[in-house]
Amino acid sequence: MDAAPTQDASNRDAADQPAVPVLRVTGLSYAYGKTKALDDVSLELSSGRVTALLGPNGAGKTTLFSLITGLFDSRQGAIEIASHAIRRARSKALAQLGIVFQAQTLDLDLSVEQNLRYFAALRGLPGGTAQQRIAALLEEIGLTEKAKAKVRTLSGGQRRRVEVARALLDRPALLLLDEPSTGLDISTRRWLVEHIHRIAREDGIAILMATHLVDEVMPEDDLLVLNKGRIVARGPVEQVIRHSGGADLDEAFTRLTAKGEAPS
Ligand code: ATP
């Protein structure tokens, strides 16, 4: 008789705990010589949510990604992935991270499966687990029949799908996508945006997607608007639009970044 109330109470306690952010960036700054690329940037991402990082050219998006992935280091500020500080516990932090770079990064002369197996080995996935995971992911991205095909023979859209699958192989808690739809046709772009939202929802992954295309942002997303190295707006899409005084996201983005330099 007592069991049910006790369990309810413990569930409630768990629900009352503030969720630990998957990514926490605090007071992060970075400069290339005298060019300040990031200026006191702080942000938090939660699991299961897509956050669109919007910013014009030169806003600092790629620099932010380079710092989160550990390619660059900054003494000013801190980055934690799943509570692991990237400075003190680099391997543990990076083990939680999947990334799709802006530029194509597959080996063209290896097959799709070989590319994925090679990456799985680098991440230390046991052979059997890797094989199962590769088969499941290829099915998810609709490329099972291309497993043995050399990447060189795939279209740009198919290659990008493989890169998304590769980023998910090790079940990351955080997925970074740096302008993932660059150079893709409309149907692949649509697939990509839908797929990204599905994996956030279904697998509970926190996703940070850099873009300058407002039509890739969905109403349920969170937004971070970066301009000249500073976050100039953040929050749910609707709220950012309202606060900006714009009629839609396109107008909000123009208003929020109006003080920036002309896009190059
Ligand atoms: P884009 O959308 O064009 O990729 P971005 O938002 O990713 O732009 P960053 O590439 O991070 O912006 O650049 C931020 C600032 O830092 C810009 O002023 C840029 O000119 C400068 N910058 C970037 N890389 C370097 C570099 N290697 N050396 C000097 N300055 C740089």
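Quick check, is Arg189 in contact with an Asp or Glu (Cβ under 9 Å, 6 or more places away or on another chain) and in a helix (DSSP H, G or I)?
yes
How many residues are of a type in the set (Lys, Arg) and within 19 Å of Ile241 (Cβ to Cβ) when one looks only at segment 172-219?
Of the residues in segment 172-219, 0 are of a type in the set (Lys, Arg) and within 19 Å of Ile241 (Cβ to Cβ).
Would you mind stating whether Ser181 is surrounded by 14 or more Cβ atoms within 10 Å (Cβ to Cβ), of a type in the set (Ser, Thr, Tyr) and over 26 Å from Gly157 (Cα atoms)?
No; evaluated as a whole, the condition is false for this residue.
Cβ-Cβ distance below 6 Å, separation of 6 or more or different chains: which pairs start in segment 25-49 with a residue that is assigned by TED's automatic domain parsing to the domain that holds Arg230 and end on one that is aromatic (Phe, Trp, Tyr) and crowded, with 16+ Cβ neighbours inside 10 Å?
So the pair list comes out as Ala37/Tyr30; Leu38/Tyr30.
Identify, please: which residue in segment 24-50 is of a type in the set (Ser, Thr, Tyr), surrounded by fewer than 22 Cβ atoms within 10 Å (Cβ to Cβ) and within 15 Å of the ligand (Cβ to nearest atom) and is, among those, nearest to the chain's Cα centre (by Cα)?
Ser29
Out of everything in segment 122-134 that is modelled with pLDDT of 95 or more and under 23 Å from the mean Cα position of the chain (by Cα), what residue ends up being surrounded by the most Cβ atoms within 10 Å (Cβ to Cβ)?
This residue is Ile134.
Let me spell it out: the conditions are (1) without any contact (Cβ under 8 Å) to a residue 40 or more places away in the chain; (2) in contact with a Ser or Thr (Cβ under 7 Å, 6 or more places away or on another chain); (3) within 24 Å of Pro56 (Cα to Cα), and Asp185 meets all of them except one. Which number is the exception?
(2)
The values are calculated or read from the model by the stated rules, or taken from the named source; none is laboratory data. Predicted model, so just to flag it, every value in this text is computed and none were measured. Here Cβ is always computed from backbone atoms with ideal geometry, including for glycine, and neighbour counts include all displayed protein chains.
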